[in-house]
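Heads up, the thing below is written out as structure tokens.
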Amino acid sequence: LPINHIMNNKSDSSLQNDKNRGVFMKNILESSWIKSEKQDKDAAVIFFRDFHVNEKVEHAQLQITSFGVYEAQINGRKVGNYIFAPGWTNYKERLQYQTYDIKTLISKHNNIEISVGRGWRMHEEYDDSLEFSLGATALLAVIEIVYKSGEKQIIYTDENWQVRQSKLKYSNMYNGDVYDATFEDKNPRPAVKFDYPKNILIPQQGERIKEIEKIPALRMVITPNGETCIDFGQNITGYVEFNICGQKGEEVVLYHAEILDKEGNFYTDNLRSAKQEVRFICDGERHVYKPIHSFQGFRYIKLENWSDEILLDDFKAIVVHSNIRRTGYFKCSNKLVNKLYKNILWSQKGNFLDVPTDCPQRDERLGWTGDAQVFARTASYNFGVNKFFEKWLADLKSEQCANGSVPHVVPKLPWDGDGSSGWGDCAVICPWQMYLTYENKELLSNQFDSMRKWVDYIYEQSENYIWAKGKHFGDWLSLDEKDEKGNNATPDEVISTAYFAYSTSLLIKAGKVLSLDIEKYEALLSNVKKSYINKFLDNNGRVVCNTQTGCVLTIYFDLSNNKQVVADQLNELINECGHLKTGFLSTPYLLHTLSENGYEKTAYDLLLREEYPSWLYPVTQGATTVWEHWDGMRPDGTMWSDSMNSFNHYAYGAVADWLYGVMCGINIDENAPGFKHIIFRPVTDERINFARGCIVSNYGAVKSSWSREDGVVKYFFTVPEGCTATIYIDGKTKNIQSGEYEF
Ligand code: BGC
């Protein structure tokens, strides 16, 4: 565990901070949008020009944004280390621009080239309401140079820029690249100026996306089908950098896959329509190539037409994600649990790419709100995601429907729906969690209106405080039995009404933090709770639908008069089948509801179970990330399905919050959030000999660990400066100040 965690990430010196504000008087708002008159929607275009500087330069900065994703180079050197800038937002209303310090990149005679590919704009293909439908790319930039003499030189984007088609003849976020090294656009043309509203521009708000790590190739695999594959040993999100020298006109191809199938062959059926291919047309010279406008989700690559002798050293997998800083650490005596924890970290890295995505490989990779809300607490313990969520939640707010409903995915897609319980509740749950983990009251205040609108929307949908209307995803992918009509055993209205109550309860808490009048919602909550109990609980206080999901939500959302009765019912249900049956929405709370109500052993049984279905089953199958389905790949090697089967979906990884919160016992006190007051309540189990957890809060590292020595459990706690804690062990309570403690 880290003793002194470095709180601040190394800053990107080329990304401008505020230090020079004031000397740059002009900015991007005064520049003009430019585009290429002729556009092949899938090809990248390069905007370029020369510029000269003639005196001693004091400051130089470049501000850019684009329709599509850009990469800028000055004199052949990349500007900054941002990947896929300007990021992905609700482009209709919010488009980030970036500001770079370019002083060290410029000399007397300069050339600037900015490559723009469609990036996430490809999703707008079906949106006729946009002027920029069908994937057109465009650029808006300004270079401003301040000389030592005080004079200034300003270069706007305008018709003095040229544009040409890139060698990157095809670039698509799902399908990959076609790069033709032999291609030369011999007819560069002047860029065309056009008007487009600039009130959508906002300075960079989220975390930058960066290349984080390079993974060497682990081994070469020749599959039973005779395919030449390379295994990187880890399922990641990013791309491969490869070294190639082929004969002129020869095309080599790299295919990307997450797994090998049961025979050990390269398997891509689960990508659906996403091709994940990189095609490189050689020109006889040696090149080091990596995609700049696309990414893939993969552990394996398959090589085709590779005439070069294949050397593992020629391939590196580059891990790309938002620049979130690691804050959570965990280890215990069970190796499989440790591997599960690592897999959870990898699934977060793989899916925190500017927006919290469901998966990074198939033809989705979207900001599914339900997935994000179930994982938000774990996410905020593992990594510093405050800024990441600030930006994404601002998009959510801007995409919220007039009636308060929330899209299923943010940024919203033209074909997307809205209003599912458990998904829309993201509007309330995520800001509340960011407040708890980071004490971010400002975010809570910024989002409060959006939170309230969602609760009001549910109220409008409900009848007698029961939310039965609408289409819902239910406890997505749960293993509950279906009724004759194919409906899940937990009726949607149980889940929806439970979430209605939960979101209302969090809205009330948020309102209190912000000193707002929330009386109306207190009355609402009491009515929803009454209706829920009347309709969904029987006279003995048991949940009528008799499912694990029903019990978990009833307990965790405080919807019964006697939790113990429901916890007993849940425990019975688990014992009957011997395993969990929960889906996306209730799994994060499953172990909590058990361990908080006297069933610690059952909770540990579920955590430590290695057979399907369980968290450890995929680990025993060699998983390196969290699977979307409990049975993504079955013990006999067959797949759950060949379409909706991602091997990198973080939702079930939400169990990490139990590892921190219960196994290690590190908890936030809602009345003093941000770990200002810590509640330590570790729960041990005979099968585990030690557990250690650490969460680096804004105040410093919060640590809790225990170990079993000669039948005695020793506990260790660290409380950072400025914080206090209460320890609960074996029915005893102790209040402590900052410092290190052993019991
Ligand atoms: C996604 C999920 C998402 C779901 C909605 C899927 O296709 O991958 O993670 O939450 O749709 O039900």
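Remarks
- Mean Kyte hydropathy of 0.5 or more with a Cα span along the axis of at least 15 Å, helices from DSSP in the chain: 426-438, 492-513
- When peptides 276-285, 586-595, 390-399 are ranked by their average number of other Cβ atoms within 10 Å per residue, the highest-first order is 586-595, 390-399, 276-285.
- Solvent-accessible area of Met644 with every protein chain in place, 1.4 Å probe, in Å² to the nearest 10: 40 Å²
- Cα centroid separation - region 466-525 against region 289-359, whole Å: 35 Å
- Residue (of Phe295, Val240, Tyr255) at the positive-pole extreme of region 221-332, dipole from beta-carbon charges: Phe295
- Computed with a 1.4 Å probe on the full set of protein chains, the accessible area for Lys342 sits at about 120 Å².
- Distant-in-sequence amide H partners of Glu439 (H built 1.01 Å from N, under 5 Å): Gly674
- Calculated P(r) of the chain - Cα pairs past 39 Å, %: 39 percent
- Along its principal axes, region 33-175 has C-alpha extents of 52, 30, 27 angstrom, given from the largest down.
- Of the peptides 86-98, 704-716, the ranking by mean beta-carbon count within 10 Å, highest at the top, reads 86-98, 704-716.
- Percent breakdown of C-alpha pair distances by 5 Å bin, ordered from the shortest bin, for region 268-397: 2, 8, 16, 17, 16, 14, 12, 7, 5, 2, 0
- Kirkwood hydrodynamic radius over Cα pairs of region 288-338, then Stokes diffusion coefficient at 10 °C and 1.306 mPa s, in µm²/s: 103 µm²/s
- For region 375-454, the alpha-carbon radius of gyration amounts to 1.03 times the rule-of-thumb value 2.2 N^0.38 Å expected for a compact globular protein.
- Debye, to nearest 20: dipole size of region 55-208, +1 on Lys, Arg Cβ, -1 on Asp, Glu Cβ: 480 debye
- Summed residue charge, Cβ within 14 Å of Arg609's Cβ, Lys/Arg positive, Asp/Glu negative: -2
- Rounded to the nearest 20, the size of the Cβ-charge dipole of the chain about its Cα centre is 1880 debye, with Lys and Arg at +1 and Asp and Glu at -1.
- Dividing the Cα radius of gyration of region 493-582 by its Kirkwood radius returns 1.05 for Rg/Rh.
- Shape of region 429-537, Cα gyration tensor, a/c cut at 1.5: prolate
- Residue by residue, region 220-237 carries 3J(HN,Hα) couplings of 8, 10, 9, 7, x, 7, x, 7, 8, 10, 10, 9, 8, x, 8, 6, 9, 10 Hz when phi is fed to the Karplus relation 6.51 cos²θ - 1.76 cosθ + 1.60 (θ = phi - 60°); x denotes Gly or Pro.
- Our summary gives region 609-728 a relative contact order of 17 percent, counting only alpha carbon pairs under 8 angstrom and 6 or more residues apart.
- Net dipole in debye of region 279-340 [+1 Lys, Arg Cβ; -1 Asp, Glu Cβ; about Cα centre; nearest 20]: 780 debye
- Annotation: peptides 470-480, 347-357, ranked by per-residue average of other Cβ atoms within 10 Å with the highest first, follow the order 347-357, 470-480.
- Label-zone membership for region 174-214, site Asp40, 7 angstrom Cα→C-beta point, backbone N under 20 Å: 174-192
- Couplings for region 173-190, taken from phi via the Karplus curve 6.51 cos²θ - 1.76 cosθ + 1.60 with θ = phi - 60°, read 4, 8, 9, x, 10, 10, 10, 10, 5, 7, 7, 9, 7, 7, 10, x, 10, x Hz in order; Gly and Pro are left as x.
- Each listed q (0.20, 0.21 Å⁻¹) maps to a log10 I(q)/I(0) for region 599-743 from the Debye sum over equal C-alpha point scatterers, namely -1.12, -1.18.
- Whole-Hz Karplus values for region 316-325 come out as 10, 8, 9, 7, 10, 7, 4, 7, 8, 8 Hz, taken residue by residue from phi with 6.51 cos²θ - 1.76 cosθ + 1.60 and θ = phi - 60°; glycine and proline positions read x.
- With 10 Å bins from 0: P(r) over region 352-503, alpha-carbon pairs, percent: 11, 41, 35, 12, 1
- Computed over region 162-294, the P(r) curve from all C-alpha pair distances, binned at 5 Å from the origin, holds 2, 8, 14, 16, 18, 16, 11, 7, 5, 3, 1, 0 percent per bin.
- Report summary: the helix-based calculation at 222 nm, which adds -39500 (n - 2.57) for every DSSP H run with n ≥ 4 and divides by the residues of the chain, gives -7000 deg cm²/dmol.
- Average projected area [Cα convex hull, region 97-255], square nanometres: 15.0 nm²
- Calculated log₁₀ intensity ratio I(q)/I(0) where the Debye formula runs over C-alpha points of region 467-508, q = 0.24, 0.27, 0.29 Å⁻¹: -0.83, -0.96, -1.03
- Mean separation of Cα contacts under 8 Å, 6 or more apart, over the residue count of the chain: relative contact order %: 11 percent
- Inter-label distance, Val713 to Lys198: 6.2 nm, where each label sits 7 Å from its Cα along the C-beta direction.
- Mean sequence separation of contacting Cα pairs (under 8 Å, at least six apart), scaled by the length of region 650-699, corresponds to a relative contact order of 33 percent.
The values are calculated or read from the model by the stated rules, or taken from the named source; none is laboratory data. No experiment lies behind these values; they were computed from the predicted model shown. Every residue, glycine as well, gets a Cβ built from its backbone with ideal geometry; the counts of neighbours run over all protein chains shown. These accessible areas exclude ligands, DNA and RNA; they are computed on the full protein's heavy atoms, side chains included. Shrake-Rupley method; radii C 1.70, N 1.55, O 1.52, S 1.80 Å.
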